[in-house]
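One structure is given below, encoded as structure tokens.
The values are calculated or read from the model by the stated rules, or taken from the named source; none is laboratory data. Fair warning: this is a prediction, and the values are worked out from it, not measured in the lab. Please note: Cβ atoms are built from the backbone with ideal geometry, for glycine as well, and neighbour counts cover all protein chains shown.
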């Protein structure tokens, strides 16, 4: 099983990804960790990324996609994985599709965590991080609506997308996700 978890900032993608990975014996792939590992190990792409970040810029799609391709090409990924934090744009989704096709991954499912904007703002403001001012949070949600929300529409045409209510306890949300992933006959949707 190849899973992608989508949703706006503050919906609990990282937490749920870790729980899903544990429960279904999948490898949890966080793009942040992939980036840090490449930089720490001084891989070719990691060195490129480090240079970009040292100059205060965002790592390009080409570099991130290369890192994702390298990671997904590892033999252990054939056992299944959940991808957390990627794709964030339509271009990244299309590139990821090409990787899936090349690597013959054909059991792709999308988990989309749905949470009201009011709840997201409440959660992000409660974290108390310096960079989580109301203005910053609203900007991040605006960027999400512009760049990442279209990824769900794109995936609706290609894969099974499960909208999961992301409000409630961590356990309730996780149970909802596991329910759809373990009890739904995928053939019904094709």
Quiz item: Across segment 74-92, which residue is farthest from the chain's Cα centre (by Cα) among those that are within 16 Å of residue 108 (Cβ to Cβ) and in a loop (DSSP other than H, G, I, E, B)?
Solution: 80
Quiz item: Of all residues in segment 141-170, which are part of a loop (DSSP other than H, G, I, E, B), out of contact with any strand residue (DSSP E or B) (no Cβ under 7 Å at 6 or more places or on another chain) and within 30 Å of residue 101 (Cα to Cα)?
Solution: 157, 158
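Given the residues 71, 76, which is the only one that is under 23 Å from residue 26 (Cα atoms) and in contact with a helix residue (DSSP H, G or I) (Cβ under 7 Å, 6 or more places away or on another chain)? Walk me through how you get there before you give the answer.
Working: 76 fails: in contact with a helix residue (DSSP H, G or I) (Cβ under 7 Å, 6 or more places away or on another chain).
It is 71.
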Quiz item: Being under 30 Å from residue 115 (Cα atoms) and surrounded by 14 or more Cβ atoms within 10 Å (Cβ to Cβ), is that true of even one residue in segment 49-61?
Solution: yes
Quiz item: From 110, 99, which residue is within 24 Å of residue 175 (Cα to Cα), surrounded by 13 or more Cβ atoms within 10 Å (Cβ to Cβ) and in contact (Cβ under 8 Å) with a residue 24 or more places away in the chain?
Solution: 110
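Looking only at segment 1-11, filter to residues that are more than 11 Å from the chain's Cα centre (by Cα) and more than 15 Å from residue 173 (Cβ to Cβ); which one of those is surrounded by the fewest Cβ atoms within 10 Å (Cβ to Cβ)?
Kept after step one, since they are more than 11 Å from the chain's Cα centre (by Cα), are these residues of segment 1-11: 1-2, 10-11.
Now restrict to residues that are more than 15 Å from residue 173 (Cβ to Cβ): 1-2.
Numbers: 1: 17, 2: 20.
Ranking the qualifying residues of segment 1-11, first place goes to 1.
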Quiz item: Does segment 115-137 contain any residue that is within 16 Å of the chain's Cα centre (by Cα) and not in a strand (DSSP E or B)?
Solution: yes
Quiz prompt | Subset of segment 157-167 [at pLDDT 95 or above and out of contact with any helix residue (DSSP H, G or I) (no Cβ under 8 Å at 6 or more places or on another chain)] | solution = 163
Quiz item: How many of the residues making up segment 12-38 are surrounded by fewer than 18 Cβ atoms within 10 Å (Cβ to Cβ) and either under 14 Å from the mean Cα position of the chain (by Cα) or in a helix (DSSP H, G or I) (or both)?
Solution: 11
Self-check item: Lone unmet requirement of (1) touching a strand residue (DSSP E or B) at 6+ places or on another chain (Cβ under 6 Å); (2) outside any helix (DSSP H, G or I); (3) without any contact (Cβ under 8 Å) to a residue 12 or more places away in the chain for residue 42
Solution: (1)
Exercise. Answer yes or no: is there a residue in segment 120-138 that is at pLDDT below 90 and on the phi > 0 side of the Ramachandran plot.
Key: yes
Practice problem: Can you confirm whether segment 47-67 contains a residue that is outside any helix (DSSP H, G or I), touching a helix residue (DSSP H, G or I) at 6+ places or on another chain (Cβ under 9 Å), on the phi < 0 side of the Ramachandran plot and at pLDDT 95 or above? | Solution: no
Quiz item: Does residue 173 satisfy the condition of being touching a strand residue (DSSP E or B) at 6+ places or on another chain (Cβ under 6 Å) and either surrounded by 12 or more Cβ atoms within 10 Å (Cβ to Cβ) or under 24 Å from residue 33 (Cα atoms) (or both)?
Solution: no
Self-check item: Residue among 19, 83 that is closer than 24 Å to residue 175 by Cα and touching a strand residue (DSSP E or B) at 6+ places or on another chain (Cβ under 9 Å)
Solution: 83
